[in-house]
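*Asks:* Provided herewith is a single structure, encoded as structure tokens, for subsequent inquiry.
The values are calculated or read from the model by the stated rules, or taken from the named source; none is laboratory data. This one's a predicted model, so the numbers in the text were calculated from it and none came from an experiment. Glycine also receives a Cβ, built like all others from the backbone with ideal geometry; neighbour counts cover every protein chain displayed.
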Amino acid sequence: MKVLVTGGAGYIGSTTAKALEEAGHTPVILDSLLTGPQVFVRDRIFYEGDIADRDLVARVVREHPDLDATIHMAARIVVPESVEQPYLYYKDNVAKSLELFDQLEKLGKPRVLFSSSASLYATKQDFEAFEGDALAPNSPYARTKRMMEEVLQDMAAATELRGIILRYFNPIGSDPDLESGIYAKEPSHVLGQLVMAARGQKDSFTITGTEHPTRDGTGIRDYIHVWDLARAHVRAVEKFDEVIGSVGDSSVVINIGTGSGVTVRELVAAFERVFGQTVPLSEAPPRPGDAVGAFANVDRSRELLDWRTELSLDDAIASALAWGEKRQEILGYE
Ligand SMILES: NC(=O)c1ccc[n+]([C@@H]2O[C@H](COP(=O)([O-])OP(=O)(O)OC[C@H]3O[C@@H](n4cnc5c(N)ncnc54)[C@H](O)[C@@H]3O)[C@@H](O)[C@H]2O)c1
């Protein structure tokens, strides 16, 4: 199969492109390099440009009439930035995706997979999120994701377009050959902070929020190895028509996670186990907007995609650590 991957120069997109190749498919990358590094594109078929550039999308389809599906990952993804600059987020994630979806439909390329997020879910007492649960997107970023879910659902109901919406939980780790991974100069995510504290680049790792209603008071997440996440896309592309056919609707939402919740304290313990060193800890109150968290109910992904995660939390941590050692060589910065 041939698959258009928007945002294919990014963290998840470049890993997904590799998973597609390993399964015998051909990714075609469309990325503006707004944030994704060119080096992650490697030697793949690549169009540098914007998802809203209708002429460019038409050219891609003209030059690759055999495209079977589109995985739409291109987006701005930084939550605090979305609070400060909502216009940019609504323009790039909402308005531009709308153009892309309409153009794909007009060009007769109706199969669309959309990258959505577990950050849409409202907090539940037992933290297990089912696709039909109540939503409460609490940032402009999360709201752009929710809006585009609804847009895709509405367009699919009215046109030939068909949509599989994947709600990712918390991807960590890198691709198995260490050719791509997290590329932010100063990673703000929890694992990056842990590595910095373990290496003495900061005094301690701060647990923000220790009185949440979880088993140990700290926030809970469903950390999924990015390679497992990438493989889920391969499955969804391969089974696209079967999935849509079996749900009896023009679109469907599917959680992509491990099915297990891990608290911050449990993550720290796993990190120390894999890294072989303790990490100095400090505690602070939750930051404004910090979510208690959720983990995925994975019944639907098992049933519809016949997919489940294969890699463990320790695998993902080891992979993130190995990428930390390697990334300077690839990215040119530490
Ligand atoms: N990383 C996560 O934790 C996470 C969790 C849930 C959902 N997601 C979603 O997964 C997708 C991929 O995330 P990621 O972590 O790989 O992000 P990323 O920033 O690494 O990748 C996004 C890519 O999109 C490109 N891009 C942005 N705007 C574009 C435009 N208008 N036209 C063309 N290219 C454009 C960027 O250059 C970048 O390469 C996003 O849609 C994100 O919302 C990510």
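*Asks:* Which one of THR26, THR35, THR16 is near the ligand (Cβ under 7 Å from one of its atoms) and within 26 Å of ILE224 (Cα to Cα)?
*Replies:* THR35
*Asks:* Go through (1) under 15 Å from LEU4 (Cβ atoms); (2) in a loop (DSSP other than H, G, I, E, B); (3) free of Cβ contacts under 8 Å to residues at least 60 places away in the same chain one by one and return the number of the condition ASP133 breaks.
*Replies:* (1)
*Asks:* For a quick check of your reading of the model, give me the residue pairs whose first member lies in region 136-149 and is within 10 Å of LEU120 (Cα to Cα) and within 12 Å of the ligand (Cβ to nearest atom), whose second is among the aromatic types (Phe, Trp, Tyr) and not in a helix (DSSP H, G or I), with beta-carbon atoms closer than 6 Å and at least 6 apart or on different chains.
*Replies:* Every condition considered, no pair remains.
*Asks:* Can you go through TYR121, TYR89 and tell me which one is within 11 Å of the ligand (Cβ to nearest atom), in contact (Cβ under 8 Å) with a residue 40 or more places away in the chain and among the aromatic types (Phe, Trp, Tyr)?
*Replies:* Being within 11 Å of the ligand (Cβ to nearest atom), in contact (Cβ under 8 Å) with a residue 40 or more places away in the chain and among the aromatic types (Phe, Trp, Tyr) holds for just one of TYR121, TYR89, which is TYR89.
*Asks:* Name the residues in region 158-178 that are more than 12 Å from the ligand (Cβ to nearest atom) and of a type in the set (A, V, I, L, M), would you?
*Replies:* Once the filter is applied, which keeps residues that are more than 12 Å from the ligand (Cβ to nearest atom) and of a type in the set (A, V, I, L, M), region 158-178 yields ALA158, LEU161, ILE164, LEU178.
*Asks:* Select from region 253-271 the residues that are part of a helix (DSSP H, G or I) and not basic (Lys, Arg) and list them in ascending order. Steps first, answer last, please.
*Replies:* Of region 253-271, the ones part of a helix (DSSP H, G or I) are 264-271.
The answer is VAL264, GLU266, LEU267, VAL268, ALA269, ALA270, PHE271.
*Asks:* Please enumerate the residues belonging to region 67-86 that are charged (D, E, K, R) and within 12 Å of the ligand (Cβ to nearest atom).
*Replies:* Of all residues in region 67-86, those charged (D, E, K, R) come to 68, 76, 81, 84.
Within region 67-86, ARG76, GLU81 meet the criteria.
*Asks:* Filter region 38-66 for residues that are assigned to a loop (DSSP other than H, G, I, E, B) and away from the ligand (no atom under 14 Å from the Cβ); which is surrounded by the most Cβ atoms within 10 Å (Cβ to Cβ)?
*Replies:* HIS64
*Asks:* Given the structure, is GLU334 of a type in the set (D, E, K, R), modelled with pLDDT of 95 or more, at negative phi and touching a helix residue (DSSP H, G or I) at 6+ places or on another chain (Cβ under 8 Å)? Outline the logic, then answer.
*Replies:* On the way: of a type in the set (D, E, K, R): yes; modelled with pLDDT of 95 or more: no; at negative phi: yes; touching a helix residue (DSSP H, G or I) at 6+ places or on another chain (Cβ under 8 Å): yes.
It is false that GLU334 is of a type in the set (D, E, K, R), modelled with pLDDT of 95 or more, at negative phi and touching a helix residue (DSSP H, G or I) at 6+ places or on another chain (Cβ under 8 Å).
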